[in-house]
Amino acid sequence: MVVYHAMQKKTIPAPKKLDFLKKYAGILVHDHETALYHFGTGHAECNVHLLRYLRKNTEDTGNKWSSEKITLLCGMNKARKSAMEQGEISFTEEESNHYEQQYHSLICERYEKNQKPSHKYAKTDEKKLLNRMKKYSQNHLLFLQDYDVLYD
């Protein structure tokens, strides 16, 4: 179901050399290695990797939204673990929508506030992180809809 592979080269031909990856018909969990999006039938991004980027953003910019996002993601994971311990197989649609709304509202709020980090590289990195979280939100949150998909 879940495969993680650290490739030496981050190009599409590198994973094509791996027979199991060419034949794999499941959800891949990976660290935003975009070459892997050409394989498998679904993709989830490792949220632990995302947490690292969020921590770095907090340290580099001093903006609190990224630490709030960390709290939200960790809370989602904790709630999922609790539900699984109680025998649940998924969140209700209402619960999933609530979490997704919180996830997106933090991103939108950050865009709206347009806080300016003092260092231009931090500003660029923060913008890239926001864009990535927006574009790949379904991959970051797939663990909410499918309990067979790992958070990390």
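Just so it is clear, none of the values below were taken in a lab; they were calculated from the coordinates. Computed from a predicted structure; not experimentally measured. Note: ideal-geometry Cβ built from the backbone for every residue, glycine included; neighbour counts use all protein chains shown.
Key figures
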item: In Å, descending, principal axis extents of the Cα set of segment 44-113; result: 41, 23, 19
item: Residue-count net charge about R55 - beta-carbon cut-off 13 Å; Lys, Arg +1, Asp, Glu -1; result: -1
item: Interchain or long-range residues, amide H under 5 Å from V29's placed H; result: V3, A44
